[in-house]
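Notes follow once the structure below has been shown.
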Amino acid sequence: MQRRMTVHLQSEDFEKIINIGISLSTEKDRNRLLMAILDNGMEITNCDASTLYLYEDDKLVFKFMKTLSKGIDRGREEPIDDLPPVPMKEENVCSYAAIHREVVNIPDVYASSRFDFSGPRQYDSLTGYRTKSQLVVPLENNENELIGVLQLINAADEAGNVIAFDEQYELIIRSLGAMAAIELTNLSYVDALKTQIYSFVEALTTALEERTPYNALHTRNVERYASLLADYINELHRQGKCEEHFESARKEQLMLAALIHDIGKMVIPLNIMNKATRLDQEISRVDDRFKLLHALYEVDLLRGRITQEEYDRKASELQEDLAFIHETDTAGYVDDEAYAHIQQLAGKQHVSADGTVLPYLTERDVSCLGIRSGTLTMEERKEMENHVVMTSKILDKVKFYPGFSMVPKWVGAHHEYLDGSGYPNHLAGEELDFETRLLTVVDIYDALAATDRPYKQPIPRPQAIEILKDMAEKGKVDLRLVEWLNEALVIEEGMH
């Protein structure tokens, strides 16, 4: 007769079970949670082997397998792809437990005719193992949904002899499975919520990309650089060179922040968002005005108000001035000499016989052409900078689940500088989280290195990094992050 050891649970056993429940409830990684079910089930019952199946597509799929006496531990590093799923047929003990939601306790599989144990017997004949006792427990959540099956094999007594699983274990393991199944379901809900949030962000990002042909890749690039830098920081942490570390939840939150960091640009007028040069589309009005000026000087010549020599000089000046305006419109930087020339042009005008005055340049033209660097006037730049405020306003309307609660804070401050000279709130130093500092560095880097900006040439990595280092020396950005980004980019370049 099969020997069975009676289990007498002590207070320390109950304490252990409670601690297991607590650990399961705090585990946020699905695979680690599944492994905890298997490992804790084996430890509680003091058994030699186990298999954890997941219920997928009306089949039981092998997830983890472990046999202590054989040194087998599969599924943790690589998925178990060489074993076919178990069909949901009642002759299979695991399937039976899943179908009927029953715990099945088999003292000796070789003495049982209740189920088809040809599989274990074949395995035993090939490996020299002896499968004897089994405890098969269905895993279901609080909504009575089947999650999977835990199969425990060969319980042992204190002397190491294989014995049957005591019936008291049935309730304990089932309780363990129920707790774990509930947590798995909760993780699934969280995953579904994350997917929903990410899909919403993707939709907004796509809309922003479709809205403007410029900066279309910026959001994706910031996400990529943020991911690259976070992964490199993790490698430095692994080597003991950095205290910071991005576990999966922290990195997920960072990636969402990167994707959504410029969402406020949805409300920025397109004539500012898409302004490729200082005058942009307004250059055509300047061209038309200069054509009109040329015609007015011809009229003056025909009516004898100016001489042929004066007309020739005016026509030549018009041509030179218009060429200068076109050159300045697309220049990377307006120096003092060019700025003075613009102010000189601002004073030029044509006065008709009836006293009508036509200036060469309007106040708007002078304001735009006088932009030292970039394409936006001070007023336009302020409106563009307002995208950060609008981003915060938009995100204030979103109810983020706790795992993403820091996203609005990080995003709303990604244009702030460590010295307090950034915008919109002039935050400084310790007021800026590490993630915010990281987003600031990668955002600036992409703005420098971007290849899709019609108003500027892309800056090579070494030069872009030097600009960032100069900003760091002036106390604006985190030098560590600049150096780490450069190192990560160099490694990435070497891999391609």
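The values are calculated or read from the model by the stated rules, or taken from the named source; none is laboratory data. Just so you know, these numbers come straight off a predicted model, no measurement behind them. Because the Cβ atoms are built from the backbone with ideal geometry, glycine has one as well, and the counts that use them run over all protein chains shown. To get the accessible areas, we keep the full protein, side chains included, count just its heavy atoms, and leave off ligands, DNA and RNA. Shrake-Rupley method; radii C 1.70, N 1.55, O 1.52, S 1.80 Å.
Here are the numbers for this structure:
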read-out: Residues of region 390-413 with amide N under 19 Å of the 7 Å Cα→Cβ point at Phe200; value: 390-412
read-out: Listed residue (Ile106, Thr67, Phe324) projecting farthest to the positive dipole end of the chain, Cβ model; value: Ile106
read-out: Stretchable slack from Glu235 to Gln344, in nm (0.36 nm times residue separation minus alpha-carbon distance); value: 33.5 nm
read-out: Region 18-158 shape via C-alpha gyration tensor axes, a/c threshold 1.5; value: rounded
read-out: Listed candidates (1) 160; (2) 374; (3) 211 - label of the one calculated as volume of the Cα convex hull per residue in Å³; value: (3)
read-out: 22 Å Cα-Cα threshold exceeded, pairs from Lys251/Lys275; Lys265/Lys397; Lys393/Lys469; Lys251/Lys409; Lys59/Lys251; value: Lys251/Lys275; Lys393/Lys469; Lys59/Lys251
read-out: Fraction of antiparallel bridges per DSSP, the chain only, in percent to nearest 5; value: 95 percent
read-out: 1.4 Å probe accessible area per residue over the chain, in Å²; value: 51 Å²
read-out: With all protein chains modelled, accessible area of Ser421 [1.4 Å, Å²]; value: 60 Å²
read-out: Burial order of peptide ranges 294-301, 63-70 (average beta-carbon count within 10 Å, highest first); value: 63-70, 294-301
read-out: Amide N of region 136-155 lying under 16 Å from the label point, which is placed 7 angstrom from the Cα of Glu43 along Cα→Cβ; value: none
read-out: Structure-based [θ]222 nm, the chain - -39500 (n - 2.57) summed over DSSP H runs of at least 4, per residue, nearest 500; value: -17500 deg cm²/dmol
read-out: Heavy atoms of Arg101: accessible area, 1.4 Å probe, square angstrom to 10; value: 80 Å²
read-out: Computed accessible area, Cys94, all protein chains, 1.4 angstrom probe, square angstrom; value: 10 Å²
read-out: Simple Cβ-charge dipole of region 340-496, Lys/Arg +1 and Asp/Glu -1, about Cα centre, in debye nearest 20; value: 340 debye
read-out: Tensor-based shape of region 328-384 (alpha-carbon gyration tensor, a/c under 1.5 rounded, otherwise prolate or oblate); value: oblate
read-out: Residue-by-residue Karplus 3J(HN,Hα) for region 473-480, coefficients 6.51, -1.76, 1.60, Hz, glycine and proline x; value: 5, 7, x, 9, 10, 7, 4, 4
read-out: Apportionment of accessible area to carbon and sulfur, region 267-389, percent (1.4 Å); value: 51 percent
read-out: Spin-label model distance (nm) - Ser405 vs Thr307, 7 Å beyond Cα toward Cβ; value: 8.4 nm
read-out: Gained length - Met266 relative to Leu83, 0.36 nm times residue gap less alpha-carbon distance; value: 60.8 nm
read-out: Prolate/oblate/rounded call for region 111-168, Cα gyration tensor, a/c under 1.5 rounded; value: oblate
